[in-house]
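What follows is a set of notes on a single structure, which appears directly below.
The values are calculated or read from the model by the stated rules, or taken from the named source; none is laboratory data. Since the structure is predicted, the reported quantities are computational estimates derived from the model, not experimental observations. Here the Cβ is made from the backbone with ideal geometry for all residues, glycine too, and neighbour counts use every protein chain on show.
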Amino acid sequence: MAEDTAVVAKQQKQEIANAIGNSTIADSILNSFNKLATQGQLVFPKGYSVGNQLKLMYTSLSQNGSLAKATSVSIGEALTEAVVQGLEIDKRQCYFIVYDKKMTMFRSYHGDVAVAKRTGLVKDVRARVIYEGDEYEIDTDEFGEEIVRNHKTRLENHDKAIVGAYAWADCTDGTRRFCIMTKNEIDKNWSKSKDPSRNVQKDFPQEMAKRSVIRRLVKGIFNTSSTELTDEAKAIISSYNRTTEDEYDNSKAEKPRTAGKTTVNNIVIDDDSGEVIEGNAEPKKEEDVIDVDVTPVEKSDKE
């Protein structure tokens, strides 16, 4: 039996190595797979091509120069989390950042939406930004949750300050879930990001605001759903929560927010605690990021 297991492991390693072209990183990925399998969490999404996506991710990392900056173990873990969640890098659902020799996988909000759909809990997720000068109503639904009604904007408002953002999800149980965040809450969310650069938030605040509100909404759905989950959905949610937590730096010393430092490009918030942390990480080099997504979730008549 042990000999058969060793043969299978060798075959898996070879398949991974063939897909990504690096036997050392194939070992790291295989170790991650084995760890997740032991924990009962290794279930890949149906219809997802693990080999093809690993190859695409590895190729992107090779072209970006990130492979030489990170440990093989962290590369293996980051790639493993991406494929367990069924993320597709060619659809800009994820990207990778290296800091302190550790590679971390980040989801775009395309990725958050894709993961939510893969669990079977959500049919679709959308988000809108509220700008200064927009007309809108904050109301409550039959469950007492806040919702946005009658949101009207004008094109010229899109050049004005962001007031907030909201997202809604049509769930498979027939309900519609909402999440609303003020600009202050969005700034706090950004402030604890592990991403050593704030350039994306500064250059594309609308899209990053949508990412924040979608993530909070999806996280809430995952962690409050009473629907019986499949093993695949459980594995996806476990990985989602694990990697979402890994995006935030909880080691920073807490400091009160001060004038001049509460800006889009140097602070941001924890989804749960709302604590503000002053960022002091050095800016990451441009080559450390792979294809950061800044495209809207989906163009529609509602947006």
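Kindly check whether there is at least one residue in the range 56-68 that is within 20 Å of the chain's Cα centre (by Cα) and within 21 Å of Phe222 (Cβ to Cβ).
no
Answer yes or no: is there a residue in the range 261-268 that is modelled with pLDDT of 85 or more and β-branched (Val, Ile, Thr).
Within the range 261-268, the subset modelled with pLDDT of 85 or more is none.
The answer is no, given that none of the residues of the range 261-268 is modelled with pLDDT of 85 or more and β-branched (Val, Ile, Thr).
Those residues that are of a type in the set (Lys, Arg) and at pLDDT 80 or above, I need them from the range 167-210; list them, please. Even if it seems obvious, please write down each step before you answer.
Initially, the range 167-210 is screened for residues of a type in the set (Lys, Arg), giving 176-177, 183, 188, 192, 194, 198, 202, 210.
The answer is Arg176, Arg177, Lys183, Lys188, Lys210.
I need a count of the residues in the range 67-118 that are surrounded by fewer than 22 Cβ atoms within 10 Å (Cβ to Cβ), among the hydroxyl-bearing types (Ser, Thr, Tyr) and assigned to a strand (DSSP E or B).
Matching residues across the range 67-118 total 2.
Checking the structure you have, find out if any residue of the range 144-157 is under 23 Å from Asn189 (Cβ atoms), small (Gly, Ala, Ser) and either surrounded by fewer than 20 Cβ atoms within 10 Å (Cβ to Cβ) or in contact (Cβ under 8 Å) with a residue 24 or more places away in the chain (or both).
For the range 144-157, residues under 23 Å from Asn189 (Cβ atoms), small (Gly, Ala, Ser) and either surrounded by fewer than 20 Cβ atoms within 10 Å (Cβ to Cβ) or in contact (Cβ under 8 Å) with a residue 24 or more places away in the chain (or both): absent.
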